[in-house]
Amino acid sequence: MRYFIIAGEASGDLHASHLMRELKREDTAAEFSFFGGDLMEAEGGTLLKHYREMAFMGLLPVLLNLNKIRRNFKLAEKKLLDFNPDVLILVDYPGFNLRMASFAKRNDIKVYYYISPKIWAWKTKRVHKVKEFVDEMFTIFPFETAFYAKYNYPIRYVGNPTVDELTTRPNQNETFDQYITRNNLSQKPIIALLAGSRRQEIKRILPVLAEVSFRFPAYQFVIAGAPSQSQAIYDEVLGSTPIPVVFDQTYDLLQQSTAALVASGTATLETAFIGVPQVVCYRIEAGRFGTWVKDKLVKIPYISLVNLIGGREIVKELFQQYCTPKTVEAELNLILKDANYRETMLQGYAEVLTALDGPGCASRAAKLMVELLTNK
């Protein structure tokens, strides 16, 4: 069968590449045409547009690149019709993908969505577009089932791809001494800093975390460098603060860490899986007004996936004006010095991982997709 896939970000490229690998196992005649990245291209097929030419985040970048965005839509529409696939598979990236879902349905092309847009958090009205234009939704969080059920839209929960990636990660048997030798670090126990992946996130969050590092001289703080960034952004933010940055080894760093200070996102789930107690630290623009906006627009009670999946506060979330060196220091002290507090958090992690099911997310999704297409 023929599969047209659209992934507009680095994470989508990763998850879509795994899905493609599993689709080839289920369908030996699979053909792919896609918008994505290097990982998808390595699985075979035709890369039509790289996600680096599509990832415009925030109002100003979108406005400045409107013509390029329009050209991307036109290219996607033309290539979709030229390829005439059995199915269009969309991976997250809702601003672009929901429009493509509408176009596909108008042209009688079946639409599957792998990894739901976070419409359960904001822009909830998009659920009506999903119901109208998406034939099958394959979700990765258990709480999404209840969300879609409120709108009488059945979905297929297939597990979480993060579980797959962490289960098969390299260097799982590496010792602390091997790790610090490989990265030229000291013998002090490590506090990992995961300050986000986008430039503006790093510039808002990292200064707070860097200030906290001075308050724990018995530990070494190490930054997990975002794959989409270079050393230059960290040098700019840190100035003379001597915090090392390691790239392309976030899982290795977490595995050797005593605790972690983590920006909200998938990183909170990765940290939980590896079993590292964490403080969730997040800041957006606009100060206290940003908090008001979040409270008014965001439809969920927590900002971290750990707490959302657990349905309660398992990890402390320090958001906006509550994310200060003083508050982060206090929470980190609890993690490091209060054994009961630390153990309670780890027990919460175990509940979250149980809710996610085991590895095999991409495999389950591919198997379902091929079965549905074969029996259409």
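The values are calculated or read from the model by the stated rules, or taken from the named source; none is laboratory data. None of these values were measured; they are calculated from a predicted model. Ideal geometry is used to build each Cβ from the backbone, glycine not excepted, and the neighbour counts take in all protein chains shown.
Structural remarks
- Where residue 75 falls short, out of the listed (1) under 27 Å from the mean Cα position of the chain (by Cα); (2) on the phi > 0 side of the Ramachandran plot: (2)
- Any pair with Cβ under 6 angstrom, 6 or more apart, that starts in the stretch 232-253 at a residue that is in contact (Cβ under 8 Å) with a residue 12 or more places away in the chain and ends at one that is in a loop (DSSP other than H, G, I, E, B) and of a type outside the set (A, V, I, L, M): 246/183; 251/169; 252/171
- Some residue of the stretch 147-154 being surrounded by 12 or more Cβ atoms within 10 Å (Cβ to Cβ), touching a strand residue (DSSP E or B) at 6+ places or on another chain (Cβ under 7 Å) and not hydroxyl-bearing (Ser, Thr, Tyr): no
- Output for the stretch 40-54, where each listed residue is among the aliphatic types (A, V, I, L, M) and modelled with pLDDT under 95: 54
- Count of the stretch 199-228 residues which are surrounded by fewer than 18 Cβ atoms within 10 Å (Cβ to Cβ), more than 25 Å from residue 275 (Cβ to Cβ) and within 22 Å of the chain's Cα centre (by Cα): 4
- Condition check for residue 276: under 20 Å from residue 307 (Cβ atoms) and not in a helix (DSSP H, G or I): yes
Listed here are the residues, each with its yes/no results for (1) free of Cβ contacts under 8 Å to residues at least 12 places away in the same chain; (2) in contact with a helix residue (DSSP H, G or I) (Cβ under 8 Å, 6 or more places away or on another chain); (3) assigned by TED's automatic domain parsing to the domain that holds residue 49; (4) part of a helix (DSSP H, G or I).
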| site | (1), (2), (3), (4) |
| --- | --- |
| 68 | no, yes, yes, yes |
| 74 | yes, no, yes, yes |
| 77 | no, yes, yes, yes |
| 85 | no, no, yes, no |
| 98 | no, yes, yes, yes |
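- Candidate set: the stretch 106-134, residues that are among the basic types (Lys, Arg) and part of a helix (DSSP H, G or I); chosen: the one farthest from the chain's Cα centre (by Cα): 106
- Look at (1) touching a helix residue (DSSP H, G or I) at 6+ places or on another chain (Cβ under 8 Å); (2) over 16 Å from residue 366 (Cα atoms); (3) surrounded by 20 or more Cβ atoms within 10 Å (Cβ to Cβ) and you find that residue 116 fails only one, number (2).
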